[in-house]
Amino acid sequence: MTVLNEKQRKAANRALIFSILFALISILLSGGITMSLPPSTYIFLGVFILLFIPTVVLGLIALKAPPTRKKAIASLIITILFSMIFFFSAASGLRGIPARQSLVNIENTVLSACAGQAIQGTASYQLGPGPHRIVAVNESEYSPVSTSYINNDYWPAILSELDLVLCLGDEYSEKIESCDYSDGTVKSRYQFKRDLLLVAPLTGETISSVTLAGSMPKECPSGINQGNSDDIKGSKPTFFDINSWLEDTLSPGN
């Protein structure tokens, strides 16, 4: 019977731990590379490679010792599985770079439409169900903003396809009630809101506007823990709220 020495045991455990950490970090990198643009894309790829090589090496070293082979095989399977997930995301992300870069360029070009300025080279807006091509813009958010707020069915490939711009105001909270307690503690209930403008960029005309409200916050609690004066807040307007409003606004009869 082969005796498992301390060095072999540590090598096997280290390989398994590294593979699990590699798996978790790969998931984060997969999300990042799917939505990022250069140079961030290449940084994600570099980090992945730096993690992948030592993880595989540790697994192969542990594989040489028969008593640690099961852990080594497990670590290599985990590593290979999550590598495949990462590379699938990387392939999708790299293919999407031209489309995301095009959105960034278009958003930067039409940002001033939110102030009523006409943007030459865009399409004329025609009332009706469309199809319409739309980008979302907000000065304080990292481009492309559209990927976070509107369905990709609306995204234009080039500026000349664009006939509407969704101008996103910054989110803000509105106080709707104060909760006063006998010990002098005060909690406030806040609802998040966001102002939206839908603008025809060729003319700078506002087609529609709305203030979207998030969910109502919970009611004032009947009692309160001593010293706990945290405010009560509802959820913010979501991706689905924004797209639902867009669909309603652009549907026939509106």
Pair list, Cβ < 6 Å and 6+ apart or interchain, from region 178-205 residues that are under 30 Å from Leu166 (Cα atoms) to residues that are assigned to a strand (DSSP E or B) and charged (D, E, K, R): Arg189/Glu177; Tyr190/Lys175; Tyr190/Lys233; Gln191/Glu174; Lys193/Glu174
Here are the criteria: (1) touching a residue at least 40 places away in the same chain (Cβ under 8 Å); (2) closer than 30 Å to Leu28 by Cβ; (3) loosely packed, with under 15 Cβ neighbours inside 10 Å. Tell me which single one Ala118 does not satisfy. (2)
Filtering region 229-244 down to residues that are surrounded by 12 or more Cβ atoms within 10 Å (Cβ to Cβ) and of a type in the set (Asp, Glu) yields Asp231, Asp241
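When you look at Glu141, is it under 17 Å from Ile242 (Cα atoms) and at pLDDT below 95, yes or no? Steps first, answer last, please.
Numbers: under 17 Å from Ile242 (Cα atoms): yes; at pLDDT below 95: yes.
In short, yes.
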Is it the case, given these coordinates, that Val135 is in contact with a Phe, Trp or Tyr (Cβ under 8 Å, 6 or more places away or on another chain) and modelled with pLDDT of 95 or more? yes
Residue pairs within 9 Å by beta carbon, gap of at least six or interchain, first lying in region 66-89 and free of Cβ contacts under 8 Å to residues at least 24 places away in the same chain, second part of a helix (DSSP H, G or I) and surrounded by fewer than 20 Cβ atoms within 10 Å (Cβ to Cβ), listed first then second, are Arg69/Leu63; Ile73/Leu63; Ile80/Val56
Residues of region 149-169 that turn out to be in a loop (DSSP other than H, G, I, E, B) and surrounded by 19 or more Cβ atoms within 10 Å (Cβ to Cβ), as a count: 5
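The values are calculated or read from the model by the stated rules, or taken from the named source; none is laboratory data. Model, not experiment: these values are computed from the prediction. Neighbour counts are summed over all protein chains in view; Cβ atoms, including those assigned to glycine, are modelled from backbone coordinates with ideal geometry.
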